[in-house]
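The values are calculated or read from the model by the stated rules, or taken from the named source; none is laboratory data. Because the structure is predicted, anything quoted here is derived from the model rather than measured. All Cβ positions, glycine included, derive from the backbone under ideal geometry; neighbour counts span all protein chains shown. In case anyone asks, the SASA skips ligands and DNA or RNA and just uses the protein heavy atoms, side chains included. Shrake-Rupley method; radii C 1.70, N 1.55, O 1.52, S 1.80 Å.
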Amino acid sequence: MEPLYQYAWLIPVLPLLGATLVGIGLISLNKATNNLRQIVAVFIVSITGVAMVMSFAILWSQIQGHPVYNRTIEWASAGDFRLTMGYTIDHISSLMLVIVTTVAFLVMIYTDGYMAHDDGYVRFYAYLSIFSSSMLGLVISPNLVQVYIFWELVGMCSYLLIGFWFDRKPAADACQKAFVTNRVGDFGLLLGMLGLYWATGSFEFGVMGERLEELVSSGTLWSGLAVIFAILVFLGPVAKSAQFPLHVWLPDAMEGPTPISALIHAATMVAAGVFLIARMYPVFENIPIAMNTIAWTGAATAFIGATIALTQNDIKKGLAYSTMSQLGYMVMAMGIGSYTAGLFHLMTHAYFKAMLFLCSGSVIHGMEAVVGHNPVVAQDMRLMGGLRKYMPVTAITFLIGTLAICGIPPFAGFWSKDEILGQAMTANPALWFIGWATAGLTAFYMFRMYFMTFEGEFRGNDTGIRQQLLAASGVVFGPGAMDTKEHEDHGHDDSPHESPLTMALPLVVLAIPSVALGLIGRPWANNFEEFIHAPSESLAEITAEAGQFDWTEFGIMAGLSVAIATAGIIVAFLAYRAKKIDPNAIAKKYPALYKFSLNKWYFDEIYNQVFVIGSRRLARQIMEVDSRVVDGAVNLTGLATLLSGEGLKYLETGRAQFYALIVFAAVLGFVLVFSIT
């Protein structure tokens, strides 16, 4: 097994190598490289598959008890400063390697069908490969500096992929919004990282935590400063994992192709934030204020995301707010000290959310054959309905993912979400109540999406609804997963169709962990907790806690979770399937609440007024100061120089008698002045 660890650096390097070779081909031989579409796809998928096999081998080795493996080299040194680079393989990094590579591998297979007719097919594969490489490099980084390097690479790749269809204004705006919003969080992370180094003299995760605790307990470092450093570092995950108040970029990221939406929401960008909190846990866990801030931020995010998802009609944006809400659960778990539960939910969520997004892409692919390639109509659930009979594989897998995210046993989401809620009840009943209520909202909006999309009668041929949507959007055409000419040549179909095998197969594969993966974390025999636990906890402590498992307590907590989820499902069924409840009537009865949810709590409008328009006003005022004060001072100086020069030039005659006269006059003047005084 040792050679496997020695060559573990190949796991992030292989996808990077693939992206580099394809990128060089696109730059130097663009037309020829674009003509090698299938060869490029097979090449990129194959090297990702090799990385995936190596990741599974490493995970199996870690499960069997292989010690933590570190391999570093000295990167830079100056005086007492030493910076190392390399990689570390431990339990959490081996788990994350498997999550990232499996999801990336399946997304890349799916991409072949989804992007089959897109002119940017080869470029998209290159972007996917470097995105996967960046995330893989991040999870094996041994210190905070290396994490930050790959952190920024992940952000750059998300910018490229969200704005992949850059000729569409919404996509161009969305990638800029994601980039700018993440810069806010990343600047906080950088400041916090430098502050922690100033205080502890190290970028190593464990060393920072130990030294910071010693400094605060001895009084050498003010505890408030430690809190500031910790919260600044937390700003990075707030932006990357779309936590309130830096969550606004995530729904707009749906402007990118659906495969990248699945990768961002399941295993890369948003997972990076939760992973960093786990890595920085030795620092956070000894600072109660920071832990409370993390917990309440997560709880607020979970609730806000769920309330906004209630009224969304775009299938991808509904899933985006669902991701935001589930990430809130993970962050809340970290904040209450439930390290294992947070990472367990990260793992289960990665698979069922990837499946849900890929299902949405399958739906969009089928809808485009009927309604055309405008994403405004192809992604709107009001034009769907009855797709189960046309797309049975997509419908079944979407239902499995819906049951998993709703927390219905025995699906994976039940075990991970229930563990978080159980820990929250012990830590803070108020947090439990927010999480519990959010679980009910989740069940409602997810089954609302399922019923609107797959049940009832197909509404895609209703030209009246389609024209209303187009008129409301003001958009006439936008690129989709298929080429416009191909669509025009083949015309419109009367009904959607199931996706090709390359798209359907990943859905079926992802359905397996969505159903069964949660069983490894069942509370009475929690194999996941034995493998993944907080650095401050020992295996003996975990075993002792497992021996005190209370079936009554588990039954009550699980019963409450299932009850609220069932209630949400029943309400959704009555409203969108049985038609016993009229959602439109409720919206008209409570228009303020409906618009509040539909307009996403008006965060975009508030941020536009405060930051965008406010920044422009500030810039105009600064420009006025610059033009009137700064430029005025400069111009006055120039004018004074000009006038003095013009005046003095008449004194430079070149005649000695004139200069002697000036000297005499000056001496006479000094004599008079001194004689008077």
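Treating cross-link reach as a plain straight distance, find the lysines whose alpha-carbon is under 29 Å from the alpha-carbon of LYS240, omitting any fewer than eight places away in the same chain.
LYS169, LYS177, LYS316, LYS317, LYS353, LYS417, LYS595, LYS600
Measure nothing fancy, just the Cα-based angle from helix 501-516's long axis to the longest principal axis of the chain, in degrees from 0 to 90, nearest 10.
With rounding to tens, the tilt is 80 degrees.
I need the peptides 48-55, 100-107 ranked by packing, meaning the mean over residues of other C-beta atoms within 10 angstrom, with the highest value on top.
100-107, 48-55
By the gyration tensor of its Cα atoms, with a ≥ b ≥ c the square roots of the eigenvalues, what is the shape of the range 247-325: rounded for a/c under 1.5, prolate for a/b over b/c, or oblate?
oblate
Apply the Karplus curve 6.51 cos²θ - 1.76 cosθ + 1.60, θ = phi - 60°, to the phi angles in the range 245-252 and return the couplings in whole Hz, x for Gly and Pro.
x, 9, 8, 5, 6, 5, x, 5
Looking at the square roots a ≥ b ≥ c of the eigenvalues of the Cα gyration tensor of the range 512-625, which shape do they give, rounded for a/c under 1.5, prolate if a/b is larger than b/c, or oblate?
oblate
Can you give the Kirkwood hydrodynamic radius for the range 145-202, in Å, rounded to one decimal and based on Cα pairs?
12.6 Å
Using a 1.4 Å probe and ignoring any ligands, DNA or RNA, find the accessible area of ASP314 and quote it in Å² to the nearest 10.
40 Å²
Got a sec? What order do ASP118, ASP582 fall in by accessible area at 1.4 Å, biggest, i.e. largest, first?
These residues rank, largest area first, as ASP582, ASP118.
Out of residues 5 or more away from HIS117 or on other chains, whose amide H comes under 5 Å of its own, with H placed 1.01 Å from N in the peptide plane?
For HIS117, whose amide H was placed from the backbone, the distant partners under 5 Å are ASP483.
With viscosity set to 1.306 mPa s and temperature to 10 °C, compute the Stokes-Einstein D of the range 20-65, Rh being the Kirkwood radius across alpha carbon pairs; µm²/s, no decimals.
128 µm²/s
Lys/Arg Cβ at +1, Asp/Glu Cβ at -1, dipole of the chain taken about the Cα centre: which of THR311, PHE531, SER55 is farthest positive-ward?
Final value for the positive-end residue is THR311.
Once you have all Cα-Cα distances for the range 1-45, histogram them in 5 Å bins from zero and send the whole-percent values.
Once binned at 5 Å, the Cα pair distances of the range 1-45 give 5, 21, 23, 18, 11, 9, 7, 4, 1.
Rounded to the nearest percent, how much of the accessible area of the range 63-126 (1.4 Å probe, protein heavy atoms only) is carbon and sulfur?
54 percent
Tell me the mean residue ellipticity at 222 nm calculated for the chain from its helices only (DSSP H runs of n ≥ 4, each -39500 (n - 2.57), averaged over every residue, nearest 500).
Here the helix-only value at 222 nm equals -24000 deg cm²/dmol.
From largest accessible area down, sort VAL154, VAL634; use a 1.4 Å probe on the protein chains.
VAL634, VAL154
Beyond 41 Å, how much of the Cα-Cα pair distribution for the chain remains, as a whole percent?
33 percent
Calculate the dipole size of the chain relative to its Cα centre from +1 charges on Lys and Arg beta carbons and -1 charges on Asp and Glu beta carbons; express the result in debye to the nearest 20.
Charge dipole of the chain: 1420 debye, to the nearest 20.
All other residues with a Cβ under 14 Å from the Cβ of TRP415 taken together, and with Lys, Arg as +1 and Asp, Glu as -1, what is their net charge?
Summing Lys and Arg as +1 and Asp and Glu as -1 gives -1.
How large a share of the accessible area of the range 219-351, in percent, is made up of carbon and sulfur atoms when the probe is 1.4 Å and the other protein chains stay in place?
68 percent
Lys/Arg Cβ at +1, Asp/Glu Cβ at -1, dipole of the chain taken about the Cα centre: which of TYR7, PRO513, LEU672 is farthest positive-ward?
Result: LEU672, furthest along the dipole toward the positive end.
Pop out the ³J(HN,Hα) list for the range 329-340 in order, Karplus 6.51 cos²θ - 1.76 cosθ + 1.60 with θ = phi - 60°, rounded to Hz; leave Gly and Pro as x.
Values per residue, Gly and Pro as x: 4, 5, 5, 4, 4, 4, x, 8, x, 8, 4, 5 Hz.
About its Cα centre, how strong a charge dipole does the range 167-223 have in debye, to the nearest 20, once Lys and Arg get +1 and Asp and Glu get -1 at the Cβ?
Taking the Cα centre of the range 167-223 as origin, the dipole is about 400 debye.
Considering only protein heavy atoms, with the full assembly of protein chains and a 1.4 angstrom probe, order TRP296, TRP198, TRP60 by accessible area, largest first.
In descending accessible area the options line up as TRP198, TRP60, TRP296.
Could you state the angle between the C-alpha long axis of helix 429-454 and the longest principal axis of the C-alpha atoms of the chain, as a value from 0 to 90 degrees rounded to the nearest 10?
Around 70 degrees separate the two axes.
Whole-Hz ³J(HN,Hα) for each residue in the range 582-587, computed from phi via Karplus 6.51 cos²θ - 1.76 cosθ + 1.60 with θ = phi - 60°, x for glycine and proline: what do you get?
9, x, 5, 5, 5, 4
If you roll a 1.4 Å probe over the heavy atoms of the protein chains, what accessible area per residue do you get for the range 1-151, in Å²?
Roughly 41 Å² per residue, with all protein chains present.
Per 0.36 nm of contour for each residue apart, how much would the distance between LYS588 and LEU639 grow if the chain were fully extended, relative to their Cα-Cα spacing?
Additional length available on full extension: 11.5 nm.
Let me make sure I get this right: for the range 1-119, a, b and c are the square roots of the gyration tensor eigenvalues over alpha carbons, sorted descending. Under 1.5 in a/c it's rounded, otherwise prolate if a/b > b/c, else oblate. Which is it?
Cα axes put the range 1-119 in the oblate bin.
May I have the extent of the alpha carbons of the range 390-433 along their three principal axes, as whole Å values ordered from largest to smallest?
Per principal axis, max minus min of the Cα coordinates gives 47, 16, 9 Å.
Evaluated at 37 °C with a viscosity of 0.692 mPa s, what Stokes-Einstein diffusion coefficient in µm²/s does the range 131-232 have when Rh comes from the Kirkwood expression over alpha-carbon pairs?
The Stokes-Einstein estimate is 215 µm²/s.
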